[in-house]
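Structure first, commentary second.
The values are calculated or read from the model by the stated rules, or taken from the named source; none is laboratory data. Remember, it's a predicted structure, so these values are computed and weren't measured experimentally. Virtual Cβ from ideal backbone geometry, glycine too; neighbours counted across all protein chains shown. Just the protein is used for accessible areas: all its heavy atoms, side chains included, with ligands, DNA and RNA removed. Shrake-Rupley method; radii C 1.70, N 1.55, O 1.52, S 1.80 Å.
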Amino acid sequence: MRRRAKLVVIEVVGAVALLVPTQALASPEGSFNPGFLLSVGSGECAVGVGAELSGMYLPKGHPGSIGYGGFFQAQTYAGDYARMAFGFQLGSFVGAELGVAALSRSDNHASTFGLHTGVFASLAVLGTGVRVTIPMSSADADLPAHGVEASWVLTLKVPIYSGKVWTSHGRPLRGERGPVTAAAREASGWADISDAALVAHLSPREREELAALWLEAALVEHASIATFAALALELLSLGAPADLLAACQQAAQEEIEHARLCFGLASTYAGLPLGPGELPSPAAALSGDAAAVARLSFTDGCIGETFAAALARRAQSHATDPAVARVLARIATDEARHAALAWSVVAWCLKLDPVPVRAALGAALAAPELEAPAPLTDVQGLPIMPAARHGAVPVEEQKPLRRRAERTARARLKDMLRPPGEARILTARDAGTSPSA
């Protein structure tokens, strides 16, 4: 009866452990790792060869974060006997594992169940570690159980990551059903980057995925040109001062440059010149409504572009290629200036028509959560870390950036909406900008 209970426990642990690699592959932030396994140790036969299948769930979306998962190992020792083990893992580049091992009958030992323990260090395709197998029970009373095994382990793996990344930075162009962009096409006149060194070390699959990521960013930046043109027309219809109109024109010019830079990167990864096709028309003609202009400037500009600037800075911190880093640095600087323009538009609208504008902005503050300004892109089969090195930001890293942008923007708007005698002085930290912004 006790032996049956042990077998049930082993079967349950094994079933759960084997599910983890599969779930990690299906997870939005996971790592699936098939590979070759070599161990050298103190068991009945010194050398064992075989295969390992492991999976890790990465809550923060990139390999450097702490993850947890499961593993399954199968080895043979000189064809005399076999070892199978399964269990759980915890760690990142270094970690620990705990599970159950089963060693088959050999000429000298009975089939044996044992406790599998180990520590490991892993860097992408190569891993090493130390494991200890402690015998717990034997299936044959005629032969002794396998003894304690202490082994050095080497693994060669093919890590496959799945995840979501965010690369888009521009202010969205809104259609009747949400943000719209042009369709991509093969075209000259937009791609001004041709850097063979950028793609020399990448596989065809990696180049394809990175081309798609930067093409998405390019199309959003391209649509933002129209967004600022439409904003300039709205401000003209409301009688805005020259400095706001000039700032809108400058922002549109900067978005043209962002689009050219992003199309250049996308074209370099793709190996052919890419550009935009026809752009759908915006949702509506001029509204002539200061309240609508103010509210959209707050959501898409004060929050959205503050977030976009922070996102580009975070992407720049990951990027290792100089061309990619330069593009992201330019985008981060310009998006911060576009956020400052949005605040200027909100302040001017408040002076122009205080009552309806205050009501619209108050409704924006009352909303529990504002719509994110750009889409997420799924990455299946492309390691997240190389993607990050080429300008992508994993979803778990962008979430706190978005929350901070919204929190600081809400605090600043609340202060703007206070009666004049109650307004407080904002610090740079409150506003989410530098003192000179």
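The table that follows gives values for the structure above.
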{"item": "Residue in segment 73-80 that is among the charged types (D, E, K, R) and at pLDDT below 90 present", "result": "yes"}
{"item": "Leading residue by the ranking (nearest to ILE66 (Cα to Cα)) among those in segment 122-148 that are open to solvent by less than 40 Å² (accessible area, probe 1.4 Å) and within 39 Å of the chain's Cα centre (by Cα)", "result": "SER122"}
{"item": "Matching option when the condition is open to solvent by 30 Å² or more (accessible area, probe 1.4 Å) and over 28 Å from ALA184 (Cα atoms), among LEU272, LEU279, LEU245", "result": "LEU245"}
{"item": "Flag if GLU149 is closer than 30 Å to ASN108 by Cα, in contact with a strand residue (DSSP E or B) (Cβ under 9 Å, 6 or more places away or on another chain) and at pLDDT 80 or above", "result": "yes"}
{"item": "Residues (over 36 Å from the mean Cα position of the chain (by Cα) and either surrounded by fewer than 17 Cβ atoms within 10 Å (Cβ to Cβ) or without any contact (Cβ under 8 Å) to a residue 24 or more places away in the chain (or both)) located in segment 108-121", "result": "ASN108, LEU115"}
{"item": "Within segment 405-432, considering residues that are modelled with pLDDT under 90 and among the aliphatic types (A, V, I, L, M), the one most open to solvent (accessible area, probe 1.4 Å)", "result": "ILE425"}
{"item": "Number of the condition not met by LEU154 [criteria: (1) modelled with pLDDT under 90; (2) open to solvent by less than 60 Å² (accessible area, probe 1.4 Å)]", "result": "(1)"}
{"item": "Filtered residues of segment 333-353 (kept if surrounded by fewer than 20 Cβ atoms within 10 Å (Cβ to Cβ) and among the small types (Gly, Ala, Ser))", "result": "ALA340, SER344, ALA347"}
{"item": "When residues of segment 85-97 are limited to those that are in a strand (DSSP E or B) and touching a Leu at 6+ places or on another chain (Cβ under 8 Å), the one least open to solvent (accessible area, probe 1.4 Å)", "result": "GLY87"}
{"item": "Residue among GLY35, GLY70, GLY55 that is within 30 Å of ARG389 (Cα to Cα), in contact with a helix residue (DSSP H, G or I) (Cβ under 6 Å, 6 or more places away or on another chain), surrounded by 16 or more Cβ atoms within 10 Å (Cβ to Cβ) and in contact (Cβ under 8 Å) with a residue 40 or more places away in the chain", "result": "GLY70"}
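Let's see how each residue does on (1) out of contact with any Lys or Arg (no Cβ under 8 Å at 6 or more places or on another chain); (2) free of Cβ contacts under 8 Å to residues at least 40 places away in the same chain; (3) not small (Gly, Ala, Ser):
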| site | (1), (2), (3) |
| --- | --- |
| GLU97 | no, yes, yes |
| ALA102 | no, no, no |
| SER106 | yes, no, no |
| VAL132 | yes, yes, yes |
| ASP140 | no, yes, yes |
